[in-house]
Amino acid sequence: KFNVRSRETENVASVFLTEGSVVMHCDGVKRNIVLEPWQKAVFNKYSDTVEISDVDNNAADIAWLKNELAFNDTPFTTVISEIETRYGVSFNKSTMSSMLDDRFTGTLPGDDISTVLDILEDVYDVEFTLDRRMISVK
């Protein structure tokens, strides 16, 4: 069991392994990386370096096991980007200016955009509208 995260817009790619083994090859790295259970490898696409670390039930690292999105002191713009990617929606950021500089800590469900918006409404004391995949603050 493993999770791979590699997005064109991010300068790192990561692999997190919970069960079995994974051999990871990254362009620019001269050796294969072998992961053991509960290890995470993070490849920096610009420096061609790989960091391997042990993972000890860090909510953000294991959220995918529970189909959740977990954040720890994360810029709200990153939270928005994760929600957009997960649910195929877009946020109208011009209606959210007061929130964009905030940082967010919490766990959001990965399977229900309505619940995500309800949680964010409670946290930020705002009301969201969802119209044709566009989310705005009223």
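The lysines within cross-link reach of Lys45, meaning a Cα-to-Cα straight distance under 21 Å and a gap of 8 or more places when in the same chain, are Lys30.
Note that the chain presents 62 Å² accessible area per residue, ligands and nucleic acids not counted, probe 1.4 Å.
Rounded, prolate or oblate for the chain? Axes are the square roots of the Cα gyration tensor eigenvalues, ordered a ≥ b ≥ c, and the cut-off for rounded is a/c under 1.5. Verdict is prolate for the chain. Classified by the C-alpha gyration tensor, segment 79-138 has a rounded form. Its axis ratio a/c, with a ≥ b ≥ c, is below 1.5.
In sequence order, segment 111-119 has phi-based couplings of 9, 8, 4, 4, 5, 4, 5, 4, 4 Hz under the Karplus curve 6.51 cos²θ - 1.76 cosθ + 1.60, θ = phi - 60°, and Gly or Pro positions carry x. With K and R counted +1 and D and E -1, the other residues having a Cβ less than 14 Å from that of Met96 yield a net charge of -4. Taking the 1.4 Å solvent-accessible surface of segment 4-92 as the whole, the part contributed by carbon and sulfur is 43%. Under the convention that each Lys and Arg Cβ holds +1 and each Asp and Glu Cβ holds -1, the size of the dipole of the chain around its Cα centre is about 560 debye.
Remark: segment 67-118 carries a charge dipole of roughly 160 debye about the Cα centre, counting +1 on each Lys and Arg Cβ and -1 on each Asp and Glu Cβ. Per-residue Karplus couplings for segment 90-96, computed as 6.51 cos²θ - 1.76 cosθ + 1.60 with θ equal to phi - 60°, are listed in order as 10, 9, 7, 5, 5, 8, 10 Hz, Gly and Pro entered as x. Pull out a ≥ b ≥ c, the square roots of the eigenvalues of the alpha-carbon gyration tensor of segment 11-88, then state rounded if a/c is under 1.5, prolate if not and a/b is larger than b/c, and oblate in the remaining case. Cα axes put segment 11-88 in the oblate bin.
Averaging the Cα positions of each part gives two centres, and for segment 24-63 and segment 66-126 these lie 26 Å apart.
The values are calculated or read from the model by the stated rules, or taken from the named source; none is laboratory data. Keep in mind it's a predicted model, so treat the numbers as computed, not measured. Here Cβ is always computed from backbone atoms with ideal geometry, including for glycine, and neighbour counts include all displayed protein chains. Note: accessible area is taken over every heavy atom of the protein model, side chains too, but ligands, DNA and RNA are not part of it. Shrake-Rupley method; radii C 1.70, N 1.55, O 1.52, S 1.80 Å.
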